[in-house]
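Asker: Provided herewith is a single structure, encoded as structure tokens, for subsequent inquiry.
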């Protein structure tokens, strides 16, 4: 069972960073919800900061001086559900030697955050609903009722309305937990916040690991801003950590390959008339050209720095730039470069020379 109990230890205004309209709208919704004592559902993709939003909401509410208890719903085994949430009495099951309060009791007067509630087994949803309807629980193996007074916040990366339609989530529980709904925006919808967030994480882990990496270049930061961030802030945080630990922009850019580029060696269409060796050679050269282009951009088209990053000689890089049809200096727009045809040899096949 994964859970945590937290008390307010930081300025809640510092929990969610950003100036984009998308995040400012979510922050305002959190402030509005904190003023009223109702259940809140926070939805969003994984890594968008749902737990940070819940923590901010708790710390801005009048319950901030009491604990916030987090429960990771997917980690609750069905046989331990009642014991973990409602507690148990001695002898309730094998190994239960003493009484133990559940999460509802631990969060009394504070906030209970049920993370990824959409993963909760349907059989356990009814037990949770009964507790929320009566605001009373009975410990496993006991008879005495305990009243509780908690602020319920739930987080999910699923579309719970769709889960209700499919019969995977109880509609009565959904309406119970969804009094106020806050949608956390994905990072791709707040690209203007990427520089601020990246520098924040670099400072954070730089202090933690005692490192002071060189400032990232403007061109590399532009690549970060235009990246689609499937892992959202969690991916950005890990990238900043890598930048602090390993240093060098090439380590950042190598982690930003578009998922589609994982399949760059696979042709988009099957060519039934070209030998395998020729198709493979073309795919390898296409991938090599993309890597060289990205590294050149990251180093502001400084070819000597790019050669060092790629661990090849300066002369070899100049040859590869010419071979791939790239401009010797930054005088062509990226789209023109990327759409340029691959050079061919006299036999109609792509030339390729390894360093």
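Asker: Compute the Rg to Rh ratio over the range 94-189 from the alpha carbon atoms, using the Kirkwood formula for Rh, and round to two decimal places.
Answerer: So for the range 94-189, dividing Rg by the Kirkwood Rh gives 1.02.
Asker: When you count, for each residue, the other Cβ atoms within 10 Å and take the mean per peptide, how do 280-289, 122-131 rank with the highest first?
Answerer: The peptides rank, most packed first, as 280-289, 122-131.
Asker: How do 99-108, 50-59, 220-229 rank on mean C-beta neighbours within 10 Å, highest first?
Answerer: Top to bottom by mean Cβ count within 10 Å: 50-59, 99-108, 220-229.
Asker: In percent, how large is the relative contact order of the range 112-161, given Cα pairs closer than 8 Å and 6 or more residues apart?
Answerer: Across the range 112-161, relative contact order equals 56 percent.
Asker: Return the Rg/Rh value of the range 3-185, two decimal places, where both radii are evaluated on C-alpha atoms and Rh is the Kirkwood radius.
Answerer: For the range 3-185, the value is 0.98.
Asker: So what's the convex hull volume per residue for the Cα atoms of the range 188-256, in Å³?
Answerer: Details: hull volume 4.9 nm³, N = 69.
Convex hull volume per residue, Cα atoms: 71 Å³.
Asker: What is the antiparallel percent of DSSP beta bridges lying wholly in the range 3-185, to the nearest 5?
Answerer: 35
Asker: For 48, 218, what ranking results if the residue with the fewest other Cβ atoms within 10 Å of its Cβ goes first?
Answerer: Fewest-to-most Cβ neighbours within 10 Å comes out as 218, 48.
Throughout, read-outs are computed from the coordinates displayed, never taken from laboratory work. Keep in mind that what you see is a predicted model, and the values were worked out from it rather than measured. Methodologically, a virtual Cβ is constructed for each residue, glycine included, from the backbone with ideal geometry; neighbour enumeration extends over all protein chains shown.
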